[in-house]
Structure formats: C-alpha cells, structure tokens
Amino acid sequence: MQMISAISLWFIPVLIGFVLIYGTIKQVPTYESFVEGGREGIKIAVSIIPFLIGMMVAISVFRASGALDFLMDFIRPGMEMVGIPPEIVPLAIIRPISGTAALGMTSDIIGVYGPDSFIGRLAAVLQGSTDTTFYVLTVYFGAVGIKKMGDALKVGLLADLVGIVAAIVVVTVVFS
Amino acid sequence: MVNYIWVSMTVIGLVFAAVNGTMAEVNEAIFTGAKEAVTLCIGLISILVFWLGMMKIAEEAGLLAKLSQLCRPLVKGLFPEVPKDHPAMGYILSNMVANMFGLGNAATPLGIKAMEELKRLNGGKDSASRSMITFLAINTSSLTLIPTTVIAIRMNYNSASPTDIVGPTIIATLCSTIGAIMIDRYFYYRRSRKG
C-alpha cells in the first residue's frame, strides 16, 4: 500500500526531472520546445468546451430533476449485491461510448461527492484506466475501411468490464 | 448512440421535473451546468499545457522513440503475424507509447497508420485480422500511465492530494490491459478451433 502512494507521489516529479535532463543532454532547445508543445494544450482545452457544456448541462438537468436519484434507488439493490456503487453506474455505461461525455460525468461526480471521497476517487480511476471502445473502433476501422469487425467489439467491451472491476477493487483496497 | 443518450437524459429530466415539481431546480441546473463546464475547461488548460510541453521535449530528445525500442521485445509476442521489421510494428509501438503518456491526439494518427499496414499484411481484405483485433483490444483497454485530465479535474475541485490516484490508475490500467490481451487470446483460440 505504501508503495502505491510512493508511486503516486514520485512518478510525475521524477519523470519531469528525467525529461529535462535528458533533453538538455541531447541538446534539445528545451524551453522553446516546451512552449511549442504547450500551445497544443490550449487548443485541446478550448476545443472540448462545447462537448463538456452539452454533456454537463444534460447531466445537471437529469440530476436536479430528481430523475437520477430515482434511477439510483431503482438499481441500488442489484448493484450493491455485486459490490458496485450505484453512483458509478451511469459513468461505467457511458465510458465506452463517448470520451467527452464520460469526462463531463466524471467531473460532475467529483464535484458532487468531492474529489477525495470514495466515489470521487473511483470515478477518477475509472476515467483514467479505460478508454472509449466505440470511438477507437469506429475511428480505427472506419479510417481503413474494415467492414467485418469479427470479435473486436466483444473483446473491447469485455476488456472495459475488466477495467471497471479492476478500478473498483484497486480503489477499495488502496483507499479504505 | 451518444445523441440518443444525450437527448434522453435531458428530456427525461425535463419530464421528471414537470411531474415532480422540480422545474426551479432544473432551470438553475441548466445555467450552473454550463458555467461549471467552462470553469472546468479553463482549469484543464494549466495541466494540459504543462504536460504537452514536457512531452514535446521528450519527443524531440528521442525519448519516445527510445521507449518504443525498449518495448519492442515485449510487444512482438503479442503480434505473431507481424514480421519483425515490418513498418506496422513501428506504428503499433509508437501508438502505444503515445497512449501511455496521455498524448491521445498524437496516438490516433499513428494507430490509423498501424491499421493501414495491418490491412496490407492481411491482403487488403475488409475483414479484421487477428493482429487488428489484438491491437484494438489493447487500445480500448487504455494504456494511460498519467491521467493528466483527471488530475486537473481533481485540482479544480480542491483535492487534498490530486495525484494520489496515479498509482491506483496504473494498477487498474495494467489489469484491464492484461485482461484485454487474455480475452483477445481466448476469442482467437475459439475462432481457430471452429476452423
């Protein structure tokens, strides 16, 4: 357990130090490259604004109307029986379908339950440890004209399920 | 599919509000939801700019290429149908390394390139080959080592320690990737048994 928190604490600073020293040894114009790469970050952050507004308004409406609580109460018994927190179910459903929608939902969950709550941490790990299966499938196969997908969708969705279970188990073990 | 989910969440919410008498809350939610989304995106800028800047240095120093080389022996076994020095392998490796460091925008074109090469290997057929399915399975399970956006969101909501989910995320990612590879293998052997 202590090792996992040590990884969390040290990983990013060590990586940054390593990249900077390595870049200097290889005579990369470090500061100029940093600025150039950073520009891309602004573009990405700005370009996802409409996606997030659309999704977060829809989620807010769904929550504020009381529909979300109704749905939660409905699925709670079944989910608790298998050990899945019902608050995480909408995120788990939308994660393989749309990355930006999941991002909106993750931030909604973190905002409502708090970033350091169990649910908030679970949402964070879940968002980070699975990917948008439908998007990857559509883009990669669509771009090169693959029509018969074989087992690809089944494999992708089952892998997402493994990711969800892994996230629940790891967060439970590490943070409680 | 997203269209349907999006519309039904909103419409069900509106109908529910009408029946439940929560119209006032819903009115407020529309505006706070939109505002929160913008605040969030502005908050994302800090981490995204810093991280992508760092990764640009890593890329220009040849670090990403080097890491691809290091991963080669590990990844080779996953794609037995791809010849050792085929360009497909190079693209697969660079796609995976880009994904590991959260460079989604750089990973996608590399992944498409890899798919093109895999299709050529498969004689240009329009059905997915074994290697293609393996490649997709690995990609959909996520390879992220550092969930930069998630860290930024946690910072935005004043987490006491925004990065304390890095270790658990790496472990969960490892599990989902190993799971994806095993599931992929299982389906492959099932297919080949059927002949």
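For A:K147, the lysines whose Cα falls under 29 Å of its own Cα, not counting residues fewer than eight places away in the same chain, are B:K76, B:K84, B:K113, B:K119, B:K125, B:K194. Taking θ as phi - 60° and the Karplus parameters 6.51, -1.76 and 1.60, the scalar couplings of the stretch A:150-162 work out to x, 8, 4, 5, 4, 4, x, 5, 5, 5, 4, 4, 4 Hz in sequence order, x denoting glycine and proline.
With 0.36 nm allotted per residue and the present C-alpha distance subtracted, the B:Q69-B:T39 stretch has 6.8 nm of extension available. Applying both filters, DSSP loop and at most 13 other Cβ atoms within 10 Å, to the trypsin sites (Lys or Arg not before Pro) of the stretch A:138-176 gives A:K147.
3J(HN,Hα) couplings calculated from phi for the stretch B:108-116 with the Karplus curve 6.51 cos²θ - 1.76 cosθ + 1.60 (θ = phi - 60°) are, in sequence order, 4, x, 5, x, 5, 4, 4, 4, 4 Hz; Gly and Pro show x. The separation of the stretch A:13-44 from the stretch B:1-57, counted between C-alpha centres, amounts to 32 Å.
Relative to the longest principal axis of the Cα atoms of chain B, helix B:166-194 runs at roughly 50 degrees. Volume per residue of the convex hull around the Cα atoms, evaluated for the stretch B:1-72, comes out as 136 Å³. In straight-distance terms, cross-link reach from A:K26 covers every one of the lysines whose alpha-carbon lies under 20 Å from its own, apart from those fewer than eight places away in the same chain; here that gives B:K56, B:K66. Simple spin-label estimate for B:S127 and B:Y4 gives 2.8 nm between the two label positions (7 Å along the Cα-to-Cβ direction from each Cα). Rounded to the nearest 20, the size of the Cβ-charge dipole of the protein assembly as shown about its Cα centre is 1460 debye, with Lys and Arg at +1 and Asp and Glu at -1. Put simply, the convex hull of the Cα atoms in chain A casts, on average, a shadow of 14.0 nm². Calculated FRET efficiency, B:S46 to B:K194, Cβ-Cβ distance, R0 = 45 Å: about 0.30 to the nearest 0.05. Using a basic spin-label model with each label point 7 Å from the Cα along Cα→Cβ, how many nm lie between A:M81 and A:D69? Result: 2.5 nm between the two label points. Working from Cα pairs under 8 Å separated by at least six residues, relative contact order for chain B is 18 percent. Taking Cα atoms only, the orientation of helix B:23-60 departs from the longest principal axis of chain B by about 30 degrees.
Each Lys and Arg adds +1 at its Cβ and each Asp and Glu adds -1 at its Cβ; summed about the Cα centre, chain B shows a dipole of about 1040 debye.
Evaluated at q = 0.07 Å⁻¹, the base-10 log of the normalised Debye intensity for the protein assembly as shown, with identical point scatterers placed on the Cα atoms, takes the values -0.32. Between the alpha-carbon centres of the stretch B:112-138 and the stretch A:125-163 there is a gap of 14 Å.
On the beta carbon distance between B:H86 and A:E36, with R0 = 30 Å, the FRET formula returns roughly 0.40. If you take the Cα centroid of the stretch B:155-176 and the Cα centroid of the stretch B:70-94, the two points sit 30 Å apart. On a 0 to 90° scale, report how tilted helix A:67-81 is relative to the longest principal axis of chain A, with both axes built from alpha carbons and the result rounded to the nearest 10. Between helix and principal axis, roughly 90 degrees.
Where in the stretch A:63-100 does the label zone of B:M23 land, with the point 7 angstrom along Cα→C-beta and an amide N cut-off under 20 Å? Taking a point 7 Å out along Cα→Cβ of B:M23, the residues of the stretch A:63-100 whose backbone N falls under 20 Å are A:63-68. Here the simple spin-label model places points 7 Å from the Cα toward Cβ, and for B:R120 and A:L15 these points are separated by 3.2 nm. Here is the P(r) of the stretch B:50-194: all C-alpha pair distances, binned every 10 Å from 0, give 11, 36, 33, 15, 5, 0 in whole percents.
Read the figures in this text as sums done on the coordinates, not as results from a lab. Computed from a predicted model, the values in this text were never measured in an experiment. In this analysis, Cβ positions are derived from the backbone assuming ideal geometry, glycine residues included, and neighbour counts consider all displayed protein chains.
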